[in-house]
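K.L.:
One structure, as structure tokens, below. Some questions next.
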């Protein structure tokens with residue numbers, strides 16, 4: 001999919017900057033330039049990613065038909081950046097150990113996916129595995145970001161939307177980093193969150 005060139009706007013402007021060529025914009029979603037080449041917690045997005053950052057009104061993220069997520073306008077910018085960072089890896093293949101040695105990888109496992117999103121928010125300096133997430137951050141659910149983890153799996157809920165490599169609760173299936181349309185049981189998982197979020 002190609003994108004028209006557009007003026008780069010600041011995140012706070014929340015004005016339309018790029019629209020997929022030949023597509024009509026969803027009027028409830030404002031699209032921003034995903035590649036403002038601004039560092040976001042150590043990551044920089046580039047227009048060649050062919051990804052857009054979306055913003056929706058309110059306090060909850062929304063999964064778009066494209067499979068990407070739109071961040072809530074009422075969320076802190078760190079939360080928005082976590083969502084936009086995750087959008088950069090949505091659809092990548094599942095690869096055991098993917099995203100563990102470095103954030104940029106050809107495929108991601110569960111904790112590599114969670115690590116990537118948290119790094120985008122500036123909440124994580126180096127990738128963690130699911131066991132390490134059990135003692136990371138603060139106990140319990142966060143207001144904006146909650147990591148659910150056990151020794152064998154980790155996923156994250158950001159602004160009410162689940163990012164998970166497991167298809168549990170997703171009738172479309174598919175393994176690898178995806179925004180899932182429904183939450184799943186948290187039984188057997190420990191909830192952790194970044195301080196302040």
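The values are calculated or read from the model by the stated rules, or taken from the named source; none is laboratory data. Since we're looking at a predicted model, the values are computed, not measured. Glycine gets a Cβ as well: all are built from the backbone with ideal geometry, and neighbour counts include every protein chain shown.
K.L.:
Residue 132 versus (1) in a helix (DSSP H, G or I); (2) farther than 20 Å from residue 78 by Cβ; (3) in contact (Cβ under 8 Å) with a residue 60 or more places away in the chain: which is the lone unmet condition?
P.N.:
Every condition holds for residue 132 apart from (3).
K.L.:
If you take the residues in the stretch 152-169 that are within 17 Å of the chain's Cα centre (by Cα) and without any contact (Cβ under 8 Å) to a residue 24 or more places away in the chain, which one is nearest to residue 79 (Cα to Cα)?
P.N.:
162
K.L.:
Any chance the stretch 4-15 includes a residue that's modelled with pLDDT of 50 or more, touching a helix residue (DSSP H, G or I) at 6+ places or on another chain (Cβ under 8 Å) and surrounded by fewer than 23 Cβ atoms within 10 Å (Cβ to Cβ)? Can you show your working first?
P.N.:
If we filter the stretch 4-15 for residues that are modelled with pLDDT of 50 or more, which is where we start, we get none.
Within the stretch 4-15, none of the residues are modelled with pLDDT of 50 or more, touching a helix residue (DSSP H, G or I) at 6+ places or on another chain (Cβ under 8 Å) and surrounded by fewer than 23 Cβ atoms within 10 Å (Cβ to Cβ).
K.L.:
Identify all residues within the stretch 62-89 that are closer than 16 Å to residue 180 by Cβ and more than 9 Å from the chain's Cα centre (by Cα); write none if there are none.
P.N.:
First, pick out the residues of the stretch 62-89 that are closer than 16 Å to residue 180 by Cβ: 62-70, 82-83, 86-87, 89.
Result: 62, 63, 64, 65, 66, 67, 70.
K.L.:
In the stretch 69-92, what residues are touching a residue at least 60 places away in the same chain (Cβ under 8 Å) and outside any helix (DSSP H, G or I)?
P.N.:
Those that are touching a residue at least 60 places away in the same chain (Cβ under 8 Å) and outside any helix (DSSP H, G or I): 69, 71, 72, 75, 76, 89, 90, 91, 92.
K.L.:
Condition first: in contact with a strand residue (DSSP E or B) (Cβ under 8 Å, 6 or more places away or on another chain) and at pLDDT below 90. Now tell me which residues in the stretch 169-181 satisfy that. It would help to see each step written out before you state the result.
P.N.:
Let us first name the residues in the stretch 169-181 that are in contact with a strand residue (DSSP E or B) (Cβ under 8 Å, 6 or more places away or on another chain), namely 169-170, 175-181.
Selection gives 169, 170, 181.
K.L.:
Quick one: which residue in 74, 58, 122, 97 is surrounded by fewer than 22 Cβ atoms within 10 Å (Cβ to Cβ), at pLDDT 95 or above and in the same structural domain as residue 151 (by TED's automatic domain parsing)?
P.N.:
Numbers: 74 fails: in the same structural domain as residue 151 (by TED's automatic domain parsing); 58 fails: in the same structural domain as residue 151 (by TED's automatic domain parsing); 97 fails: in the same structural domain as residue 151 (by TED's automatic domain parsing).
Exactly one of 74, 58, 122, 97 is surrounded by fewer than 22 Cβ atoms within 10 Å (Cβ to Cβ), at pLDDT 95 or above and in the same structural domain as residue 151 (by TED's automatic domain parsing), namely 122.
K.L.:
Next question, about the same structure. In the stretch 136-151, how many residues are over 17 Å from residue 83 (Cβ atoms), touching a residue at least 24 places away in the same chain (Cβ under 8 Å) and not in a strand (DSSP E or B)?
P.N.:
Residues that pass the stated criteria total 4.
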